[in-house]
Every structure is written in structure tokens, then in C-alpha cells.
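No lab work stands behind these numbers, since they all come straight from the coordinates. Bear in mind that the values here come from a model prediction, so they are computed numbers and not experimental data. Neighbour counts are summed over all protein chains in view; Cβ atoms, including those assigned to glycine, are modelled from backbone coordinates with ideal geometry.
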Amino acid sequence: MDFNRFKNLPPYPFARMRRLLADSVPEDTSAALNMSVGEPQHAVPAFVTDILSQTAATAANYNKYPPIQGTAALQQAVCGWLTRRNNLPEGLVTAENIVPLSGSREGLYAIGQVVINRQKNGQIPLVLSPNPFYQPYAGAAISAGAEILYVNSQGGMPDYENLPEETLKRTALAFICNPSNPEGRLASPDYLARMISLARTYDFTLVGDECYSEIYDKAAPTGLLDVCHQIEEQDKQDNVFRNIVVFNSLSKRSNLAGLRSGFMAGDREIIAETVRLRSYGGAPLPLPTQAASAAAWNDEDHVAENRALYQRKFDLAETYLGGKFAFQRPAGGFCLWLDVGDGEVACEKLWQRAGIKTLPGAYLARPDKDGHNPGLPYIRLVLVHDERLLEPALEKIAKTL
């Protein structure tokens, strides 16, 4: 059998890291910590577990097929949150603008099958991705038969507008991540407006991956839908979110990575096509999950508490790493992107000396046209553990490197 369809997918970074460290045994494990995987470790909101327990005990929640577009309660919760978070007028976002997902990764992968046709202007379609990037962006392109162009970041955001016109004419789909992963930078409203204009000029779908949007230091990231509305107020467009979709989830915002609950929102025509696809191959959220998700989107207190914990860990990181490795306090997200000269060498050294796992930056990026991998000098650390575990690890990193 021929299994070459996905041969062009980039190697998954965590598998590469495991191979890199497989033959090494740490010399000292007193500060051992896995700082490579962005799996939130803060407490799950108690009201979520209460709802899951209560609804799971009701048999009626398991003898019905859950609705693909979500229960009325979940729709109202997501629409309400999007409205508040993006400064939108009441009623602008409706159920026609959203579709619940089993985590945002599922949707980020499937969006390629929704919006990419076999050709764009008579050529093989192109997908634009930031570089470094989140792996499902590549999956979205390749599963739909498109080519992918990795565009190096400028200040944490990909520089799409300076691409050649022939490249933009081929483009069917483009991703931006705000806050950026792994750099932790925020997109300016002006940058987002220019990206929206670019998508509409060249008629491609612009995806805003906003999964880290609720973890920030000083200022909340500007939402892509917020900027769409600002543009609409000036230009009086009929379809406010034309060509634009955003993704978010409860994984980072609410420490609910295992709940597998997220959503896609935006252009109602793209949403309708996504619903059509999910009618054939999507997995709708179980009713208990939908009930817990609705409650989580309706509550901001636990989100503020969660954000405060990360801000304290930003302080801790700055204490031990400030002034070293081109350290920059992340404006958003929970990753540190440290320039250590050679990410693979540093990753091996931290594992061998201290049992600390980090991710080489080169594993999150691809070489550019000149053969240079922009992630090569870096390692990515995630600040998901509590301060008791994190402080000795950060101190050991500073001393070891």
C-alpha cells in the first residue's frame, strides 16, 4: 500500500525531541521538569467538574445525538463571550457565525478541507503559515492537496503583505497566531486590519488562531473580529466577517485541555460549509461537555485568577533569566523563547545535566528559501507548572546554560 500522501508533513516536534534525548540519562534530577509541552497544570474550575458530574449522571444526556452546532445554551455562551471580548454590538454574532469543535486543533486542521479548492487561479493552491508555526497548519494544507509556504515572523507576526503578487494570487488560506506561539508577541490592530484587507483583496481565508488570547501580561490582545467590526463601521460592509474566521478553546483559558472543547467563529458562509463537512465526519461535543463549556465561557473570574498566576510566573522567569538568552517577557501566552545559540545542543545539555525537558526551536520551524531555520538558535520553555516546581528549574536553566 502507498502511504505517501502525508510524506510532506513536517516531523512532529515532540517525537523528534524524544529521539534526541532517548539515549541520555540525567545526571541530576533535583530540578527535573518537563517544560516542553504546553499542557496547563492549574486547577480545573470546580463548577466545571460539578456540572460534568451532575449531567453525566443523567441518562438522557447519553441516549441522544448531540447537536453539531451546539445546544442553545452553548451557542448563547460563545456568542456572548465573543461579543464582550471583541467589543461587538449585541446580536452581531449569532449561531450562524459559530460552530463548536472538539478542541481548536481539530478545526485548524479541517479548515483546509473546507476552503481550499483543487486550484486557485489555475494553479495549485497555497497556504501561508507563520514560521515558527503550529503543526496543524501544515496538516490543513497538505490534507487538502495544497502547498504550504512558511513565512518568517517579523516581530512575532508573519510578513505576508510583502510577498510577491503571484504568490498572493495563489493563496487560498493564511494563518496568524495571536498571541504568537512561541514568541509571545501581540498583533497590533493596524497589522490585523492590513491582513484583513489582504485576504479580501486576494480572496483567501484568513484564520486567526487566538487560543492564547486570555493569557497575557499587561494588555489584552486585540481580537480579529473586533478589527473586522471596526472596518465595517467605516466601510458599511454587509458581511462583517467576510473571509475571516477565528479559533479559540477552553484548553489554555480555563485549564481544560482534556475537555476537548473549542469553537470556530466568523464568516457565516465558511461556518455553513464547516457544518456541512462536520455532518459527514465531525464529532459533536457530548451534551455534558457542552453544558460545562457553556458555564466556562460565561464565567470570567476563574480566567482572571488563571492569568494572575501566569503573570507571577513571568515575574519569576524574569528574575532568573532577565538579561540572559535575549529574554523577553511574553506579552501573551505562556512560552519563553530563548536564544541559546543552538537549540538542540541546549536541549540535550539541560536534559543530561538536570533532567529538564525543553523543545529545540528548530523543531517548530522550517528552513526558509536560503536554507536557514529561524528557530535554530532557540529553545521553547512553557511556564505551565506551579511556582514551587518552576523556580528551581528556572534557576538550574540559568546556571546550566
Add -39500 (n - 2.57) for each DSSP H run of 4 or more in the chain, then divide by its residues: what number comes out at 222 nm, to the nearest 500 deg cm²/dmol?
-> -12500 deg cm²/dmol
Which three extents, in whole angstrom, do the alpha-carbon atoms of region 138-266 cover along their principal axes, largest first?
-> 42, 37, 27
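Relative contact order of region 105-208, please, whole-number percent, based on alpha carbon pairs below 8 angstrom and at least 6 residues apart. Walk me through the numbers on the way to the answer.
On the way: 172 pairs, mean separation 29.0, N = 104.
Reported as a whole number, the value is 28 percent.
So for region 64-299: antiparallel DSSP bridges make up what percent, rounded to the nearest 5? Intermediate results must be reported in sequence, preceding the final value.
Numbers: 12 of 30 bridges.
Around 40 percent of the beta bridges assigned by DSSP in region 64-299 are antiparallel ones.
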Say R0 is 25 Å: what FRET efficiency, to the nearest 0.05, do Ala73 and Asn239 get from their beta-carbon distance?
-> 0.40
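Between their Cα atoms, which of Lys218/Lys399; Lys169/Lys252; Lys313/Lys399; Lys218/Lys349; Lys120/Lys252 are more than 26 Å away from each other? Please report the intermediate quantities before stating the final value.
Details: Lys218/Lys399 29 Å; Lys169/Lys252 35 Å; Lys313/Lys399 18 Å; Lys218/Lys349 33 Å; Lys120/Lys252 35 Å.
From the list (Lys218/Lys399; Lys169/Lys252; Lys313/Lys399; Lys218/Lys349; Lys120/Lys252), the Cα-Cα distance tops 26 Å for Lys218/Lys399; Lys169/Lys252; Lys218/Lys349; Lys120/Lys252.
Would you list Trp337, Trp351 from fewest to most Cβ contacts within 10 Å? Can you show the working numbers first?
On the way: Trp337 26, Trp351 21.
Ordered from fewest to most neighbouring Cβ atoms within 10 Å, Trp337, Trp351 come out as Trp351, Trp337.
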Given Cα pairs under 8 Å that are at least 6 residues apart, what percent is the relative contact order of the chain?
-> 26
Distance from region 257-325 to region 1-36 (C-alpha centre basis), Å | 25
Just how far, in whole angstrom, is region 345-401 from region 186-232 if you go by their alpha carbon centroids?
-> 29
Percent of beta bridges antiparallel (DSSP, the chain, rounded to nearest 5) = 50
Residue-span extension gain [Ile124 to Asn4] - 0.36 nm each, minus C-alpha spacing | 41.4 nm
The chain, Gaussian network, Cα under 10 Å: of Ala354, Ala265, Ala174, the residue fluctuating most is Ala354
Going by how many other beta carbons lie within 10 Å of each one, how would you line up Tyr134, Tyr65, fewest first?
-> Tyr65, Tyr134
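Quick one: which of 138-151, 109-122 comes out on top by average Cβ neighbours within 10 Å, and what's the full order, highest first?
Details: 138-151: 20.8, 109-122: 17.5.
Top of the packing list down: 138-151, 109-122.
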Which ordering of Ser188, Ser293, Ser129 is given by a fewest-first count of other beta-carbon atoms within 10 Å?
-> Ser188, Ser129, Ser293
Reported to two decimal places, what Rg/Rh ratio describes region 64-299 when computed on Cα atoms with Rh from the Kirkwood expression?
-> 0.94
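Output the antiparallel fraction of DSSP beta bridges having both residues in region 133-253, as a percent to the nearest 5. Walk me through the numbers on the way to the answer.
Working: 2 of 11 bridges.
Just about 20 percent of them are antiparallel.
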